[in-house]
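Working notes for the structure below.
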Amino acid sequence: MNSEIRITILAENSTADSAFLTEHGLSLWIEHGSRRVLFDTGQSDQLVHNAKALGIDLGQAEAVVLSHGHYDHTGGLATVLDIAPQAKVYLHPAAIESKFSRRGSELRPIGMSALARQALDGRDVSWTAAAAEIVPGVTVTGQVPRNTDFEEVDAAFFLDKDCEKPDQLADDQTLFVESGDGLVVIAGCAHSGIVNTLDYVAELTGRTTMHAVIGGMHLIRASQTRIARTIEAFRKYEVRKIVPLHCTGQAAVESFREAFGDRCLSLGVGGQLRFR
């Protein structure tokens, strides 16, 4: 690749700089040469404040990709689409379904807000059930096949208030970017399982190695066995940079650091990664 690739964190749970706002959510700004892609929109419109602080013009976005339909990845969608009226939106059809979480006696809606859904009306939308190229060198997986026997779907997620219809999160999808350094995989939450995701990226690309894995990996409640199997997969694919964000979970992050040392990076809002 002749053009530099830069990935900037606009929304995340943490930051090392008080100039930025944080929230439980995720949004990443991807610059691939002259092309601009926004991956997820955080829980609110805080990414707008953070983008301005970083000198990033969200109005340049030609594409907005949603990893799935949860509130903490779609909350800023309406605001972003007002700023970037020309941006095409990529999401799985199941992303707009009602979604709920029940943990113990607590039931709460966790899907896209009505405002976010309304923002899609009249827009150029691509429903990505299958893999699709966003811009040259940037591809979304579409629905990720689930083949591993250790990456279970979170039992707390449902499609209805009565919690009778488990949400299999078919809408979960991931970006991968072609770089001169190798494949860069960017996950929102990897609800399909980060190992399933890497296996599918390998299937789609024919690659046996991946340079970087960035994003949420939803290992916050994972067993040590699952974390260990994830580490095995990172070694199998010879991953050089691991950037766990958002919902990865502290136990998993500590295990990654123990296994990979400084190849596991700690970044928050304002953090940037560059690839050639």
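The values are calculated or read from the model by the stated rules, or taken from the named source; none is laboratory data. None of these values were measured; they are calculated from a predicted model. Cβ coordinates were reconstructed from backbone atoms using ideal geometry, including for glycine residues, and neighbour counts include every protein chain displayed. The accessibility values were calculated without ligands, DNA or RNA, using every heavy atom of the protein model including side chains. Shrake-Rupley method; radii C 1.70, N 1.55, O 1.52, S 1.80 Å.
If you roll a 1.4 angstrom probe over the protein chains with everything in place, what fraction of the accessible area of the chain belongs to carbon and sulfur, to the nearest %?
After summing per-atom areas, the C and S share lands at 45 percent.
How many nm separate the modelled label positions at E258 and E164, each set 7 Å beyond the Cα in the direction of the Cβ?
Spacing of the two 7 Å Cα→Cβ label points: 4.5 nm.
Would you mind getting me the FRET efficiency between Q250 and D121? Use the beta-carbon distance for r and R0 = 30 Å, nearest 0.05.
About 0.15, to the nearest 0.05.
How large is the helix-only mean residue ellipticity at 222 nm for the chain, computed as the sum of -39500 (n - 2.57) over DSSP H runs with n ≥ 4, divided by its residue count, in deg cm²/dmol to the nearest 500?
Helix-only estimate at 222 nm: -6000 deg cm²/dmol.
Give me the distance between the Cα centres of segment 44-103 and segment 132-159, rounded to whole Å.
The two parts, judged by their Cα centres, are 18 Å apart.
Which of the peptides 132-138, 24-30 is most tightly packed, and how do the rest follow, going by the mean number of other Cβ atoms within 10 Å of each residue?
By packing density, highest mean first, the sequence is 24-30, 132-138.
How much accessible area per residue does segment 201-276 have, counting only protein heavy atoms and a probe of 1.4 Å, in square angstrom?
I get 47 Å² per residue for segment 201-276.
Roughly speaking, what is the stretch gain from I220 to I110, that is 0.36 nm per residue apart minus the C-alpha to C-alpha distance, in nm to one decimal?
Computed gain between I220 and I110 is 37.9 nm.
Of the lysine pairs in the chain, how many meet both conditions: Cα atoms under 28 Å apart, and a spacing of 8 or more in sequence or different chains?
5
How big is the equivalent ellipsoid of segment 120-246 along its three axes, where each semi-axis is √(5λ) from the Cα gyration tensor, reported in whole Å from largest to smallest?
Largest first, segment 120-246 gives 24, 21, 11 Å.
Could you report segment 36-117's accessible area per residue, 1.4 Å probe, as an integer in Å²?
38 Å²
Per 5 Å bin, what percent of the C-alpha pairs of segment 70-129 does each bin hold, from zero upward?
Final binned percentages: 4, 17, 27, 24, 13, 7, 4, 2, 0.
For the chain, state the average projected area of the convex hull of the C-alpha atoms over all orientations, rounded to one decimal in nm².
About 13.5 nm², averaged over all directions.
Of all the Cα-Cα pairs you can form in segment 15-167, what percent are over 29 Å apart?
Result: 21 percent of Cα pairs exceed 29 Å.
Beyond 21 Å, what share of the Cα-Cα pairs of segment 197-276 is found? Please give it as a whole percent.
25 percent
Select from R240, R103, R226 the residue whose mean-square fluctuation is largest in a Gaussian network model of the chain (Cα-Cα springs shorter than 10 Å).
Looking only at R240, R103, R226, the biggest GNM fluctuation is shown by R103.
For R240 and F150, what is the calculated FRET efficiency with R₀ set at 25 Å and r taken between the beta-carbons, to the nearest 0.05?
The calculated FRET efficiency here is 0.55.
I want the local charge near E4. Using Cβ-Cβ distances under 14 Å, sum +1 for each Lys or Arg and -1 for each Asp or Glu among the other residues.
Charge balance near E4 sits at +2.
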